[in-house]
1. Can you figure out the FRET efficiency of Trp107 with Tyr14, using R₀ = 35 Å and their beta-carbon distance, to the nearest 0.05?
2. Looking only at Ala19, Ala150, Ala69, which one moves most when the chain is put into a Gaussian network model with springs between Cα atoms under 10 Å?
3. Please compute the contact order of the chain in relative form: average sequence separation of alpha-carbon pairs under 8 Å and at least six residues apart, divided by the residue count, as a percent.
4. Among the listed pairs Lys83/Lys131; Lys83/Lys159; Lys88/Lys159; Lys7/Lys83, which have their C-alpha atoms separated by more than 32 angstrom in this model?
5. Can you give the angle from 0 to 90° between the axis of helix 86-109 and the longest principal axis of the chain, with both taken from C-alpha atoms, to the nearest 10?
6. About the Cα centre of the chain, what is the dipole size in debye to 20, counting +1 per Lys and Arg Cβ and -1 per Asp and Glu Cβ, all else neutral?
7. What's the angle, to the nearest 10 degrees (0 to 90), between helix 52-84's Cα axis and the longest principal axis of the chain?
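All of the numbers you see were taken from the coordinates with simple rules; none came from a lab. Everything numeric in this text was worked out from a predicted model, so none of it was measured. We place every Cβ from the backbone using ideal geometry, glycine too, and count neighbours over all the protein chains shown.
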Amino acid sequence: MAKLTYKVSYYVLYVIFAAIIVVLGMFYLGGNAQGDAVLSGIDPEMWQPAQMNALLFLMYGLLALAVIATVVAFLFQFGMALKDNFGKALKSLIGVILLVVVLAIAWSVGSGEPLNIPGYSGSDNVYFWLKITDMFLYTFYILLGATVLAMIFSSIKKKLS
């Protein structure tokens, strides 16, 4: 079973690498946007790549794939731990609960005040998307800080023992 999982993940990794290389090639070598793809109100001297949407959709797809893989792996691991040791399975939920708490704190700290962006008349400068953006930024900062502290304390603990 482990060998099959390794083979599948090995080939999936190379398919993803190939897709990234193809889309980046299209992005950088695809020329300038033409017709309806040209954004109005942008300085005509600025480069507007023709394949920007392909790159954005690839990034959205890779993000969705990462989130789905993480959730499925967590559920599978939790199910296996639940079957073997109920107490250990509940302990594994602590990380998920802490992440939800960090997200809730970051949401409450985030600002929903509309930004004054000269030249922008889009529909995304609204309360919900501003709060979501701040939530992800603050969560990133908190988790980055926790990672750095964990690295420092683990090295100190290793030196002391």
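1. Values: r = 38 Å, r/R0 = 1.08.
The pair Trp107/Tyr14 has a calculated efficiency of 0.40.
2. Sorting by GNM fluctuation, first place goes to Ala150.
3. Numbers: 80 pairs, mean separation 21.3, N = 161.
The value is 13 percent.
4. Lys83/Lys131; Lys83/Lys159
5. 40 degrees
6. On the way: 9 positive and 7 negative charges, 272 e Å.
With Lys and Arg at +1 and Asp and Glu at -1, about 1300 debye.
7. Once rounded, one gets 10 degrees.
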